[in-house]
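Worksheet: the structure to be examined is printed underneath.
The values are calculated or read from the model by the stated rules, or taken from the named source; none is laboratory data. The structure presented is a predicted model; accordingly, all values stated were derived computationally and were not measured. Ideal geometry is used to build each Cβ from the backbone, glycine not excepted, and the neighbour counts take in all protein chains shown.
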Amino acid sequence: MSPRSCTRVSAARITGTREPRAEEIAARTVNKERARAGESRTVSRISVEDMSSGRRGGLRSGKGAQGPTYDQLYEEARRRNIHGRSDMNKSELRRALGDS
């Protein structure tokens with residue numbers, strides 16, 4: 001198994017995705033980046049016109065206009081042992097954590 005495969009397997013375990021599905025997603029991402037760079041014999045319109053995986057990942061990191069994701073807020077609330085967190089929505093979790 002290559003070092004990159006180990007990373008995919010680890011990521012699959014962390015995110016709860018099954019390993020074959022994680023490998024499929026990783027292969028699709030690599031193929032899309034190759035098509036975007038002109039290294040592929042066939043290129044779909046989406047591969048070229050869609051935003052890059054790096055940009056998309058950056059937008060989903062929880063640092064955008066909407067702030068941290070619900071899951072990130074929930075994990076912080078769990079870490080701080082905030083009571084009733086499982087019944088809270090995103091805005092309630094923000095308030096409970098003191099974020100605006």
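It is to be established whether one or more residues within segment 72-89 are exposed (fewer than 10 other Cβ atoms within 10 Å of the Cβ), within 21 Å of the chain's Cα centre (by Cα) and at pLDDT below 65. No, segment 72-89 contains no residue that is exposed (fewer than 10 other Cβ atoms within 10 Å of the Cβ), within 21 Å of the chain's Cα centre (by Cα) and at pLDDT below 65. Pairs are defined by a Cβ separation below 7 Å, a sequence spacing of at least 6 or placement on different chains, a first member in segment 67-79 that is in contact (Cβ under 8 Å) with a residue 24 or more places away in the chain, and a second member that is part of a helix (DSSP H, G or I) and of a type outside the set (Gly, Ala, Ser); the pairs so defined are Leu73/Lys90; Leu73/Leu93; Leu73/Arg94; Leu73/Leu97.
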